[in-house]
Amino acid sequence: MTLNHGPEARREPKAARADSHELTRPEVFDMLLAYKNTAVLTTGIELGVFDAIAAGASTAAEVARAQSLDPRGAKLLLNALSSLGLLESDSVTYGLPAGADKLLVRGNPGFVGGMAKVMASTWEWDALRSLPDAVRRGGTVVAQHAETPEYAYWEDFAAYADAVATPAAELTADMLSTWAAGRERLNVLDMACGHGLYGYTLAARNPNARVWSLDWPNVLPVALARADRMGIADRVGAIGGDMFGADLGGPYDVVMITNVLHHFSQDRAVELLRRAAGVLAEDGRIVVVGFTVSDAPPAENADAHLFSILMLIWTNEGEVHSLRDYQRMLHDAGFADPEARNVAASPLWVITARPV
């Protein structure tokens with residue numbers, strides 16, 4: 001497998017420590033209390049606190065009036081946000097610290113607040129309470145989870161995952177650009193398309209491309225609305241249903257399986273990859289996107305290992321796979337010459353391969 005790490009391939013380890021490090025009480029307490037930080041930040045985003053301050057409100061009373069909040073509740077929330085460095089305050093007035101206007105104010109290009117619906121979703125919070133039982137069982141114990149047909153969480157994922165999905169979609173289009181250039185036809189199947197950005201970004205760069213977006217019927221309207229906003233709706237079709245059972249049509253020049261193989265065991269993932277191979281043109285390309293785990297110590301792969309915990313509580317057999325796992329799965333499904341590139345400053349990798 002060809003690997004391209006790039007200059008910013010990995011973030012600094014979140015929890016890497018020397019072997020001699022002694023765990024301290026404050027470190028343990030910080031972890032136990034971290035959920036409060038998440039709740040304060042997501043509440044500030046949901047209630048539009050940062051938007052109000054960006055628009056000129058500077059006191060708790062002004063924020064409360066602007067956002068129809070209780071004055072006492074607003075003051076306590078603003079103080080909590082200030083204690084976390086998310087606002088600046090002299091105990092009377094409040095302002096945005098450097099960078100907050102770009103990241104936390106709606107309408108700005110760098111806004112990442114929508115990711116609160118993905119990274120800190122109520123579905124995840126509820127499911128995490130079942131983690132002890134999921135560990136005992138070896139898989140999800142909740143009634144509704146990531147593999148449940150038409151699970152409502154996927155609507156939020158489709159609507160709000162832009163901040164993470166856009167860089168990965170751009171890298172995908174970059175990796176396919178030379179191969180795609182000059183082709184008379186570029187039919188694309190995006191399986192479990194979610195937001196649709198992978199297929200739509202490729203189509204936006206290639207006027208001859210047509211995209212078929214496959215997902216649950218409750219998710220497809222969100223994806224198709226995005227295609228309309230991107231000006232490519234006339235080149236997009238929809239396939240509603242389960243990617244393991246739906247009629248896929250084809251053949252396709254590109255089949256995309258993005259951010260989904262970690263929901264399954266390796267055997268189940270190979271089954272899906274073989275379905276993709278069956279509808280791929282002889283000179284086509286498959287695209288796989290997902291979190292990966294390396295052979296390095298877990299402290300150097302914190303994001304991936306914590307994501308595997310999410311898969312434990314939210315799927316029957318899912319976990320984050322390694323690049324070596326993906327290489328084997330692609331080989332077993334009938335693909336060759338995989339190329340893998342890391343999305344800068346992210347645990348996500350994009351892998352392309354051709355049919356044998």
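What follows is calculated from the coordinates using simple rules that are stated; it is not laboratory data. None of the values given here were measured: they were computed from a predicted structure. When we count neighbours, we look across all protein chains shown, and the Cβ atoms used for this are built from the backbone with ideal geometry, even at glycine.
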Taking Cα pairs closer than 8 Å and at least 6 residues apart, the relative contact order of the chain in percent is 19 percent
The summed charge of the Glu271 Cβ neighbourhood (under 13 Å; Lys/Arg +1, Asp/Glu -1) stands at -1
Of the residues Thr178, Val279, Pro221, the Cα lying farthest along the dipole of the chain towards its positive end, which is defined by charges on the beta carbon of Lys, Arg, Asp and Glu, belongs to Pro221
Expressed in Å to one decimal, the Kirkwood Rh of the range 153-355 from all distinct alpha-carbon pairs is 16.9 Å
In whole angstrom, the spacing between the Cα centers of the range 29-68 and the range 293-342 equals 36 Å
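With both bridge residues required to lie in the chain, what share of the DSSP beta bridges run antiparallel, to the nearest 5%? Don't skip to the end; give the middle numbers.
Numbers: 15 of 41 bridges.
The answer is about 35 percent antiparallel.
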log10 I(q)/I(0) for the range 77-123, Debye formula on C-alpha points only (no solvent), q = 0.15, 0.20, 0.32 Å⁻¹, two decimals, reads -0.46, -0.74, -1.06
Simple SL model, points at 7 angstrom along Cα→Cβ for Val92 and Ser177; separation in nm is 5.4 nm
Per the charge dipole of the chain (beta-carbon charges, Lys/Arg positive, Asp/Glu negative, Cα centre), the residue among Met256, Gly56, Ala192 reaching farthest to the positive end is Gly56
On each of the three principal axes the extent of the alpha-carbon atoms of the range 131-228, given in whole Å and largest first, is 53, 25, 22
As straight-line cross-link partners of Lys75, the qualifying aspartates and glutamates (C-alpha separation under 18 Å, not fewer than 8 residues apart within one chain) are Glu46, Asp51, Glu62, Glu88, Asp90
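Would you please classify the overall shape of the range 90-188 from the alpha carbon gyration tensor, given that a ≥ b ≥ c denote the square roots of the eigenvalues, rounded means a/c under 1.5, and beyond that prolate means a/b larger than b/c while oblate covers the rest?
Numbers: a/c = 2.79, a/b = 1.08, b/c = 2.58.
The shape class here is oblate.
Could you rank the peptides 268-276, 135-143 by their average count of other C-beta atoms within 10 Å per residue, with the highest value first?
Details: 268-276: 19.9, 135-143: 13.3.
Result, highest mean first: 268-276, 135-143.
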Per the helix-only model, the chain has a calculated mean residue ellipticity at 222 nm (DSSP H runs of ≥4, -39500 (n - 2.57) each, divided over all residues, rounded to the nearest 500) of -13000 deg cm²/dmol
With 0.36 nm assigned to each residue of separation and the Cα-Cα distance removed, Ser294 to Ala55 gains 81.6 nm
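With only Lys, Arg, Asp and Glu charged, each at its Cβ (+1 for the first two, -1 for the last two), find how big the charge dipole of the range 153-355 is about the Cα centre; round to the nearest 20 debye. All intermediate terms of the calculation are to be shown ahead of the outcome.
On the way: 15 positive and 26 negative charges, 95 e Å.
About 460 debye.
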Counting only backbone N atoms under 15 Å from a point 7 Å out along Cα-to-Cβ of Glu282, the residues of the range 236-265 in range are 251-253
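If you count the DSSP beta bridges with both ends in the range 153-355, what percent of them are antiparallel, to the nearest 5?
Roughly 35 percent of the DSSP beta bridges within the range 153-355 come out antiparallel.
Using only alpha carbon positions, build the gyration tensor of the range 192-268, then give the equivalent ellipsoid semi-axes as the square roots of 5 times its eigenvalues, largest first, whole angstrom.
Numbers: eigenvalues 89, 37, 28 Å².
Over the Cα atoms of the range 192-268, the semi-axes work out to 21, 14, 12 Å.
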Taking only the alpha-carbon positions of the chain as identical scatterers, the Debye log10 I(q)/I(0) at q = 0.07, 0.13 Å⁻¹ comes out as -0.34, -1.11
Rg from C-alpha atoms of the range 271-356, normalised by the globular rule of thumb 2.2 N^0.38 Å, equals 1.16
Note, Gln67: beta-carbon cut-off 15 Å, +1 each Lys/Arg, -1 each Asp/Glu, net 0
Expected sort for 289-302, 311-324, 102-115, 191-204 on mean C-beta neighbours within 10 Å, highest first, is 191-204, 311-324, 289-302, 102-115
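DSSP loop trypsin sites (Lys or Arg not before Pro) in the range 178-234 with at most 15 other Cβ atoms within 10 Å of their Cβ, which ones?
Working: sites: Arg183, Arg185, Arg205, Arg210, Arg226, Arg229; in loops: Arg183, Arg185.
Counting only loop positions with at most 15 other Cβ atoms within 10 Å, the trypsin sites (Lys or Arg not before Pro) in the range 178-234 are Arg183, Arg185.
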